[in-house]
There are 2 protein chains.
Amino acid sequence: MTAATGQGGGGEGRKSRRSRPRPERAKALIADVARAAGVSTATVSRALTAPDRVLEATRLRVLEAVRVLDYTPNAAARQLRAGRSRAILVVVPKRRNPPFFSEVLHGIDMELSAAGYAMLMGNLDSVDGKEDYLVDLVFGGHLDGAIVLSAAVPARDGRSILQAGIPVVAVCAGTGVAEVPTVVVDDTECTLAQTRHLIGLGHRRLLYIAGPKGNYNEVRRYRGFEAAVREAGLPREDVVRLEGDYVFRAGVEAGQAFLAMARRPTGVVATSDEVAIAFMKTIRAAGVRVPQDVSLVGFDGIEFADFVEPTLTTIRQPRFDLGATGARILLGLLGGESPPQPLTVLHGELVVRDSTAPAPLPRRGGS
Amino acid sequence: MTAATGQGGGGEGRKSRRSRPRPERAKALIADVARAAGVSTATVSRALTAPDRVLEATRLRVLEAVRVLDYTPNAAARQLRAGRSRAILVVVPKRRNPPFFSEVLHGIDMELSAAGYAMLMGNLDSVDGKEDYLVDLVFGGHLDGAIVLSAAVPARDGRSILQAGIPVVAVCAGTGVAEVPTVVVDDTECTLAQTRHLIGLGHRRLLYIAGPKGNYNEVRRYRGFEAAVREAGLPREDVVRLEGDYVFRAGVEAGQAFLAMARRPTGVVATSDEVAIAFMKTIRAAGVRVPQDVSLVGFDGIEFADFVEPTLTTIRQPRFDLGATGARILLGLLGGESPPQPLTVLHGELVVRDSTAPAPLPRRGGS
DNA sequence: TTGTAAGCGTTATCAA
DNA sequence: TTGATAACGCTTACAA
């Protein structure tokens, strides 16, 4: 039913296009607009990019010509001359937690596109040369700025995108480079809240399922966990740490490790919702009850956390805001504002649902 | 600890940059490389873009100079002159199903970046002017091609991106325009398989939770459902259709509607995993057992489907391949190949898990 | 306020 | 195979 939009012939193999005289209906140039409006190209350019530096009447005439001719400025020419591309690179870490990052990207996209900037995606993926490619993109002047969602900044031969002279902002994780404004969640406070919540429910034997070793967030989150453990005076031997990496598989493995323990913890702190969900599935399949036998707190606040059984107590990260804030900072930098505070910390919030409950009574009736 | 990467001074406001003599360490130009290699700029250009049209020895000399000077060709200049940008626009529908689309995007990205193309994201989002923005991007010559993940092709004043003269490929949904090569899953076969699976288990009263009215996939999926119903000769009054839109909320609403029914279906066909998962949570919370009382089949095959309880029987879409195949087709078109078959259909696969089981015995012991 | 004209850095055409 | 040189389409001093 949809009317087929005219596209010329069917599949003619566009060959006889070499001739000069009006190739059907060539793309309008600024000169065409100038002619149609009876002004110079300079005026057209000004009418379009600096409306207040042109007479109202002229401006309207130009705009009309633009409309009639369906004129769209050529991006390459504009960029070459002006030195700006209006494109931002967003570097996404090796794919993990799509539900988490997609919302951060959403926040970035909203801000950038509202300001007229295009968003280039650069996945820091498995493929060889992927990083080189990103570096070339940046040094090729193709970009006005970059937002990195990963602690790892793309680099090649020691030449990182930080040296390209474009502003860079880090979101979700710090880069370790002082000059890069960074927007993160208060990781340490969050795990502190997670752990205190469990301890407050009477849990004394805890399991911490970590993120990747050395990971920016992981390091900070573990600090919060340890602080809570210390403040509650839990004995060292009642606290277990398992390594993980934020994804499902890690949760399954942690679950298996848990099941194999002689003296199982009753409170579990997970550093991502995916891990928590996979962990929960694994131990429940083995007959462990949540939250009766074990209480579990996730981290991230993805939507799914509210659709598993039992629903997951978790930390809700301001995902959209993380992205939007980072984008705003970058736009500020591009607009010539002086660098803002180096670190912007947004707050995560504990959302209590059904996966946590008072600790089971110690040594009584349990298997 | 990470060495702060030198970035020049602090914020000097780059003023005294007009002077000729080496501004610190200016970005190398093709002329610099030519000089260093003792050849002309034309030769440098050829050495870089058409290696076989230059003497091996010269090529090596040029490459060495490139390395030494850290030369990266200016993208804008290249694009202006060559008329190609090596950038592809990917149009993503109003954000829904991040876990689904992220994998499709992954497939696209792998192919594109391997071929040296950058990927611009265009979310078809709520914001006003968002679509206009995409249209401008395309008509600005900023792009060599586009992949649309949505049946809706961005347009403004009746000027759609299809008329910009760049190749466009549709993935996941058709556009209704014959000239656009399209890659989709065999929707109808998939719902046929979903429904037959339920019917084969003895279910005679079915509920179909639809996608958005008129949606490309929805229309095809419903056909498969109806075909299966017809072939089994189920009476019309035993088949219910509820409207939905692939997201959580729709599943919750469908669940509520289900609970309110006097004579409840025992088999449920959902057209997305999100909907299935939300539906399942809603009815289980009300005491309905899955799969003992109700069997449920999802659609998409997102990872989460294997982590809910019970695990979800579903259709696994070849998400990565959908994206990768679309990207390959686009790259072919960009390479001058003649248009391929207009429609490429990939196959979805029924994955049987725990949310489906034989139908409960009719009229016996039920509430 | 508007017009003139000089580039922006590369690739493609044409000779050599 | 290589080199000179003219575009590519726009923005921006500078002049009028």
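The values are calculated or read from the model by the stated rules, or taken from the named source; none is laboratory data. Keep in mind that this is a model prediction, so the values were computed, not measured. Because the Cβ atoms are built from the backbone with ideal geometry, glycine has one as well, and the counts that use them run over all protein chains shown. The area values use the complete protein model at the heavy-atom level, side chains included, leaving out ligands, DNA and RNA. Shrake-Rupley method; radii C 1.70, N 1.55, O 1.52, S 1.80 Å.
Can you tell me which residue in the range A:44-100 is farthest from the other protein chains (Cβ to nearest Cβ), limited to those that are on the phi > 0 side of the Ramachandran plot and of a type in the set (D, E, K, R)? Spell out how you get there, then give the answer.
At the first step, the residues of the range A:44-100 found to be on the phi > 0 side of the Ramachandran plot are A:70, A:83, A:86, A:97.
If we keep only those that are of a type in the set (D, E, K, R) too, we end up with A:70, A:86.
Details: A:Asp70: 6, A:Arg86: 9 Å.
Here the residue is A:Arg86.
Looking across A:Ile199, A:Ile161, A:Ile166, one residue alone is modelled with pLDDT of 95 or more and in contact with a strand residue (DSSP E or B) (Cβ under 8 Å, 6 or more places away or on another chain). It is A:Ile199. Within the range A:39-54, restricting attention to residues that are in a helix (DSSP H, G or I) and small (Gly, Ala, Ser), the residue that is farthest from DNA strand D (Cβ to nearest atom) is A:Ala47.
Being aliphatic (A, V, I, L, M) and within 16 Å of DNA strand C (Cβ to nearest atom), is that true of even one residue in the range B:85-97? Yes, that holds for at least one residue.
Count of the range A:302-318 residues, restricted to those that are surrounded by fewer than 23 Cβ atoms within 10 Å (Cβ to Cβ), more than 10 Å from every other protein chain (Cβ to nearest Cβ) and part of a loop (DSSP other than H, G, I, E, B), is 1.
Can you find a residue in the range B:327-334 that is within 14 Å of another protein chain (Cβ to nearest Cβ), open to solvent by less than 40 Å² (accessible area, probe 1.4 Å) and in a loop (DSSP other than H, G, I, E, B)? Looking through the range B:327-334, none of the residues is within 14 Å of another protein chain (Cβ to nearest Cβ), open to solvent by less than 40 Å² (accessible area, probe 1.4 Å) and in a loop (DSSP other than H, G, I, E, B). When A:Ala151 is tested against (1) open to solvent by 50 Å² or more (accessible area, probe 1.4 Å); (2) not in a helix (DSSP H, G or I), only condition (1) is not met.
Of all the residues in the range A:175-197, those that are facing another protein chain (nearest Cβ under 10 Å) and surrounded by fewer than 20 Cβ atoms within 10 Å (Cβ to Cβ) number 4.
Inspect all residues belonging to the range B:116-127 and state whether any of them is more than 17 Å from the chain's Cα centre (by Cα), open to solvent by 40 Å² or more (accessible area, probe 1.4 Å) and either away from DNA strand C (no atom under 16 Å from the Cβ) or closer than 17 Å to A:Val90 by Cα (or both). Let's see the steps before the verdict.
Within the range B:116-127, the first condition is being more than 17 Å from the chain's Cα centre (by Cα), and the residues that meet it are B:116, B:126-127.
Of the ones still in play, those that are also open to solvent by 40 Å² or more (accessible area, probe 1.4 Å) are B:126-127.
Adding the requirement that they be either away from DNA strand C (no atom under 16 Å from the Cβ) or closer than 17 Å to A:Val90 by Cα (or both) leaves B:126-127.
So far as the range B:116-127 goes, yes, one or more of its residues are more than 17 Å from the chain's Cα centre (by Cα), open to solvent by 40 Å² or more (accessible area, probe 1.4 Å) and either away from DNA strand C (no atom under 16 Å from the Cβ) or closer than 17 Å to A:Val90 by Cα (or both).
The residue of the range B:128-148 that is nearest to the chain's Cα centre (by Cα), among those that are among the small types (Gly, Ala, Ser) and open to solvent by less than 10 Å² (accessible area, probe 1.4 Å), is B:Ala146. If you go through the range A:162-196 and keep only what is within 18 Å of A:Val219 (Cα to Cα) and assigned to a strand (DSSP E or B), you end up with A:Ala170, A:Val171, A:Thr182, A:Val183, A:Val184, A:Val185. Annotation note: Cβ proximity below 6 Å between a residue of the range A:100-115 that is within 10 Å of A:Arg328 (Cβ to Cβ) and touching a residue at least 12 places away in the same chain (Cβ under 8 Å) and a residue that is open to solvent by 20 Å² or more (accessible area, probe 1.4 Å) and part of a helix (DSSP H, G or I) (sequence gap 6+ or interchain) occurs for A:Gly107/A:Phe320; A:Glu111/A:Arg328; A:Ala115/A:Leu331.
Rundown of residues vs (1) modelled with pLDDT under 85; (2) closer than 21 Å to A:Gly107 by Cα, yes/no style:
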residue: A:Tyr133; (1), (2): yes, no
residue: A:His142; (1), (2): yes, no
residue: A:Ala151; (1), (2): yes, yes
residue: A:Asp157; (1), (2): yes, no
residue: A:Gly176; (1), (2): no, no
residue: A:Thr182; (1), (2): no, yes
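Sub-7 Å Cβ pairs linking a first residue in the range B:136-157 that is of a type in the set (Lys, Arg) to a second residue that is open to solvent by less than 10 Å² (accessible area, probe 1.4 Å), at least 6 apart or interchain, are B:Arg156/B:Val135, ordered by first then second residue. Restricting the first member to the range B:285-310 and to residues that are under 13 Å from B:Gly255 (Cβ atoms), and the second to residues that are assigned to a loop (DSSP other than H, G, I, E, B) and of a type in the set (D, E, K, R), no beta-carbon pair is closer than 6 Å while six or more apart or on different chains. One residue stands out in the range B:252-299 among those that are of a type outside the set (Val, Ile, Thr) and part of a strand (DSSP E or B): the one that is surrounded by the most Cβ atoms within 10 Å (Cβ to Cβ), namely B:Ala270.
Taking the conditions (1) more than 10 Å from chain A (Cβ to nearest Cβ); (2) open to solvent by 20 Å² or more (accessible area, probe 1.4 Å); (3) more than 12 Å from DNA strand D (Cβ to nearest atom) in turn, B:Gly107 satisfies each one other than (2). If you go through the range A:32-75 and keep only what is near DNA strand C (Cβ under 10 Å from one of its atoms), buried (at least 20 other Cβ atoms within 10 Å of the Cβ) and within 23 Å of B:Arg81 (Cα to Cα), you end up with just A:Val44.
Just name the residue that is most open to solvent (accessible area, probe 1.4 Å) out of those in the range A:204-225 that are under 20 Å from A:Asp273 (Cα atoms) and either over 26 Å from the mean Cα position of the chain (by Cα) or of a type in the set (A, V, I, L, M, F, W, C) (or both).
Taking the range A:204-225 and keeping what is under 20 Å from A:Asp273 (Cα atoms), we get A:206-225.
Now drop any that are not either over 26 Å from the mean Cα position of the chain (by Cα) or of a type in the set (A, V, I, L, M, F, W, C) (or both), which leaves A:206-207, A:209-210, A:219, A:225.
On the way: A:Leu206: 0, A:Leu207: 0, A:Ile209: 0, A:Ala210: 0, A:Val219: 57, A:Phe225: 2 Å².
Here the answer is A:Val219.
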